[in-house]
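Read the structure below first, then the notes.
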Amino acid sequence: MGQLVVVARYSYPLEAQIAKSNLEAAGISAHIADVHTINTNWLYSDALGGVRLMVDSDNVQEAEEILRQDFSQSVIEEAGEDEEESQWRCSHCGSSDVIPFTKGKRPAFVVFILLGFPLFKYQHGIKCNDCGEFTQK
């Protein structure tokens, strides 16, 4: 067994857990570092360089190859949805040019920085790039 090497870094612990599961499903032992620190205070994520996913130095190339693979089409097929059905559409203009968006995130972040805890409520949804309409999901 060789030395542990960082093969990927993630902003969120959940992303690292998913990647670790993919590696372990392929028979590669993986370890996650800094997850508890970032779970305690998520603002440390950027300062620490994110949650680190580490593997044995003998498995680095295989692990990087597995992490580069895109399984999204397999998930869509498994769920029984075709690509057209899974696309979001703007409820105002019907455009498919939408992005995931969190409304109220900036004011909540500023208050969090100043006071140490969030005071504003924020909403998750989609924002249309054509008309600018926000739709809560």
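Quick note: the coordinates plus some simple rules give every number you see, no bench work behind them. Please read these numbers as outputs of a predicted model, since none were measured by experiment. Every residue, glycine as well, gets a Cβ built from its backbone with ideal geometry; the counts of neighbours run over all protein chains shown.
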Exercise for the section: Only Cα pairs under 8 Å and at least 6 apart count here; give the relative contact order of region 4-69 as a rounded whole percent. Expected result: 47
Practice task
Return one number: the angle in degrees, 0 to 90 and rounded to the nearest 10, between the long axis of the Cα atoms of helix 105-115 and the longest principal axis of the Cα atoms of the chain.
Solution key: 70
Exercise for the section: Provide the convex hull volume over Cα atoms per residue for region 14-135, in Å³. Expected result: 149
Practice task
Please express the shape of region 84-136 as an equivalent ellipsoid: the semi-axes are the square roots of 5 times the eigenvalues of the C-alpha gyration tensor, given largest first in whole angstrom.
Solution key: 29, 10, 7
Exercise for the section: For region 4-69, evaluate the Debye formula with one uniform point scatterer on each Cα (no solvent term) and list log10 I(q)/I(0) at q = 0.18, 0.24, 0.26 Å⁻¹, rounded to two decimals. Expected result: -0.58, -0.94, -1.05
Handout entry: Ascending count of other beta-carbon atoms within 10 Å, so fewest first, for 102, 40, 135
Key = 40, 102, 135
Problem - Highest-fluctuation residue, 64, 15, 77 considered, GNM on the chain with Cα pairs under 10 Å - result: 77
Exercise for the section: Averaging sequence separations of C-alpha pairs under 8 Å and six or more residues apart, then dividing by the length of the chain, give the relative contact order as a whole percent. Expected result: 20
